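For reference, the structure is listed below as structure tokens.
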Amino acid sequence: MGTALIYDEEMTKYKLLWVDPACKIEVPERLTVSYEALVKNGLADRCVSVPVREATDADILQVHSEEYLEAVKKTPYMTLEDLKEFTLQYGDVYFHPNIYHCAKLAAGAALQLVDSVMMGKVKNGMALVRPPGHHSMRSAANGFCVFNNVAIATRYAKQKYGLKRVLIVDWDIHHGQGVQYGFEDDPSVLYFSWHRYEHQKFWPQLRESDYDSVGKDKGAGFNVNVPWNKVGMKNSDYLSVFFHVLLPVAYEFCPDLVMVCAGFDSAIGDPEGEMCATPDIFAHLTHLLMNLSGGKLCAVLEGGYNLTSLPQSVCQTVQTLLGDPAPRPTNLDGPCESALESLHCTRSAHRQYWSCLKHAAELPASEISTKRIKLAKEEKEEEKKTETVQEEKSVEEKVWPEPPKRASPLNRTAVVLPDDVTCPDRCTRFSSSENPDPVTVNKLRENLLKAAGDSSALTTLCSLTALVEKMEQSEICNGLALVPDVSTAMVCLVQHAVTASNRRVLVVCVGGALDQSLFKDDGKTLLVQFSNKESEETKSKYNISVCLKKGCGDVSGFICAVLSLLLPLGYEYDPSLVLLVRMADSGLCDSAWQQLTGLLQGLAQGRTLVLMQESEKACVGITASSLLGDAAPSLGQLCAPLPEDVEAMERLRQRLQVDWKLLQTTAPETGRGDED
Ligand code: X5A
Ligand code: ZN
């Protein structure tokens, strides 16, 4: 099942017809450069091209008022003067004789995308549209937006397909206030937005864009705002918010469908956002959402005004939707202090609504809110002084490297299996064709007494080391092996792998403990084990035990640990290879195992080798499917994790955050708000 791409040149056929500095960045080229980049990179051809349609009046009226629709309907017949005047009643938007037509196509494109995904014609997709949608409100155009494309598509999806829960992820750098207003009291739609805010100084300057707007009435807890109070946010800041806010809440919510307000003004170089996240981050943001709702994801373009970072970011998103491994994450040097403050505020504002956040640090509420007011005041004065300077200050040109070309792996998944186990569909059986070279054999013999006697075990080990080499050379993307003794195989592979320079191996072990003495503390390996064995204090930065009361048996606790411990650790460590080890009787249910396997493929360019104990035969099929990029089945709505697990994880996070910055969820105490 493929990826839909929806685009129609017609949506480039309107533009600003007068002078308006606030609107001049919203140009037709935004769409043409994005589409051309997809063509040039061979991505458009790999997508299923789905035609647009016009949204009907009935579709639009699900979100907008009749008066507003009727007013917009008249714009194609207006003179230039009338259009200008009509425009004046709204904020930061312009009309054109053809914009009503385009707005119907933009909303209709989102509806076509929902239909393609929900009818199973494709697994996911992206719609490249103009005008964008997330600022438009029930009776008002706003912020370049005429109809609220994603809100209309969300209502439609719920109604036509009877969806119980829809998640809207708004990674555009502006607050989609139109979407917030549309679903504020609706617990069936979870709206998440991060946005440039600067203590309410940044457009649209709304009080209700702050972290404490959590939703109303029954919808309380289902509106999640992360305000950025500084510009220059980077990859680490974005990922931290995904790991510590969005993903835990999203998994607990368990959506039937994920809609993305995919604005790329949150990328580096954008004149509106002024942020510093590089285009490759969108590969990861996309990947991290692709195992929710069984992979059903619809991305709809919103903003994005830098004509270089916009097409690069669009390509990263679409290539990830197509299933190509994400590039190694870049620039993960930890979140900045301001991002941590925002993270802390949002987490504490939501701790009463989400069990995954129950342990979040409480907000010294008075402190932060006073700070907000104080800062706003101070900054206003500052502004007065520097007004003239501000005027002249043009946004400094940013430069960043073009994201390297991402290869689509020819051989995705190789398996090393005993002869009596059939090779799963779409996989290739792998065995080392060459005779194991004597050096390798000797090393194996020396190191692994257990295996030394058994020649078939030795052959398997040789195949595995050969497979790792092929993965390193990108001839094979990932692999799966059933072995008689996972510990031996794992140790053998680690020893082999780390002999190569700059190889870093993340070893993730579920169920049962590996002998930790076999791991050196030199940073060439990072071992993260999940088990129910109360182990002594974690020995080092690179040897981490996550102890859960029921081992991996409690799905909620396990998935919390994966999202807010393992992923941050894995991303910050940035391995070149992931070894995922499944011991016998791990207690892990299939869907949680598939989630883990799927999520880990965001690391090491998807180079994951799964080792399973021979007794785990029954899991070969589902594991292979996950390695092939099939979305994991959803876990269902999660109940609260065991309190003792939550506490243990929190203690572990506290202890490790000194060494691993992506584990931080609060700003350092010093220098916060108590200057006077
Ligand atoms: C969709 C979008 C931005 C409007 C900015 C107005 N709108 N200053 O990014
Ligand atoms: Zn925007």
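Sparse packing (at most 10 other Cβ atoms within 10 Å of the Cβ) combined with a DSSP loop state is found for the following GluC sites (Glu not before Pro) in the range 590-676: Glu669, Glu675.
Strictly over 27 Å apart at the Cα level, which of Lys13/Lys84; Lys230/Lys524; Lys24/Lys201; Lys121/Lys617 would you flag in this model?
From the list (Lys13/Lys84; Lys230/Lys524; Lys24/Lys201; Lys121/Lys617), the Cα-Cα distance tops 27 Å for Lys230/Lys524; Lys121/Lys617.
A probe of 1.4 angstrom, applied to the heavy atoms of all protein chains, finds Ser531 with accessible area near 10 square angstrom. Rolled with a 1.4 Å probe across the full set of protein chains, the surface gives Lys520 an accessible area near 150 Å². Between the range 83-114 and the range 484-523, the alpha-carbon centres lie 56 Å apart. Going by accessible surface with a 1.4 Å probe and the largest first, Tyr181, Tyr90, Tyr161 read Tyr181, Tyr161, Tyr90.
Distance between the C-alpha centers of the range 230-261 and the range 636-672? Whole Å please. Their Cα centres are 16 Å away from one another.
Please compute the length gained on full extension between Asp574 and Leu307, using 0.36 nm multiplied by the number of residues separating them and subtracting their Cα-Cα distance.
Gain on extension, Asp574 to Leu307, equals 93.2 nm.
Stretching the chain fully between Ser501 and Leu642 yields a gain of 46.6 nm (0.36 nm per residue, less the alpha carbon separation).
Sorting the segments 301-307, 402-408 by their mean number of nearby beta carbons within 10 angstrom, highest to lowest, gives 301-307, 402-408. Charging the Cβ of each Asp and Glu at -1 and of each Lys and Arg at +1, and nothing else, the dipole of the range 413-663 about its Cα centre rounds to 420 debye. Under a model in which nothing but the beta-carbon of Lys, Arg (+1) and Asp, Glu (-1) is charged, the range 184-324 shows a dipole of about 160 debye around its Cα centre.
About its Cα centre, the dipole of the chain is roughly 1180 debye, where the only charges are +1 on Lys and Arg Cβ and -1 on Asp and Glu Cβ. The slack between Ala22 and Ala407, meaning 0.36 nm per residue of separation minus the straight C-alpha distance, is 134.7 nm. Relative to the longest principal axis of the Cα atoms of the chain, the long axis of helix 337-350 makes an angle of roughly 90 degrees.
Taking Cβ atoms as reference points and 9 Å as the exclusive limit, the residues near Gly606 contribute a net charge of +1, counting Lys and Arg as +1 and Asp and Glu as -1.
Computed with a 1.4 Å probe over protein heavy atoms only, the accessible surface of the chain comes to 38 Å² per residue. Relative to the longest principal axis of the Cα atoms of the chain, helix 455-472 runs at roughly 30 degrees. In the complete set of protein chains, residue-level accessible area for Lys74 is approximately 130 Å², probe 1.4 angstrom. Helix content alone sets the calculated 222 nm mean residue ellipticity of the chain: runs of n ≥ 4 DSSP H residues at -39500 (n - 2.57) each, divided across all residues, give -11000 deg cm²/dmol.
Each Lys or Arg adds one and each Asp or Glu takes one away; over the other residues whose Cβ falls under 13 Å from the Cβ of Phe144, this sums to -3.
Angle of helix 590-600 to the longest C-alpha principal axis of the chain, folded into 0 to 90 degrees and rounded to 10: 80°. With the convex hull of its Cα atoms as the shape, the range 11-52 has an orientation-averaged projected area of 3.8 nm².
The values are calculated or read from the model by the stated rules, or taken from the named source; none is laboratory data. The structure presented is a predicted model; accordingly, all values stated were derived computationally and were not measured. Please note: Cβ atoms are built from the backbone with ideal geometry, for glycine as well, and neighbour counts cover all protein chains shown. We work out accessible area using only protein heavy atoms, side chains counted, and drop any ligands, DNA or RNA first. Shrake-Rupley method; radii C 1.70, N 1.55, O 1.52, S 1.80 Å.
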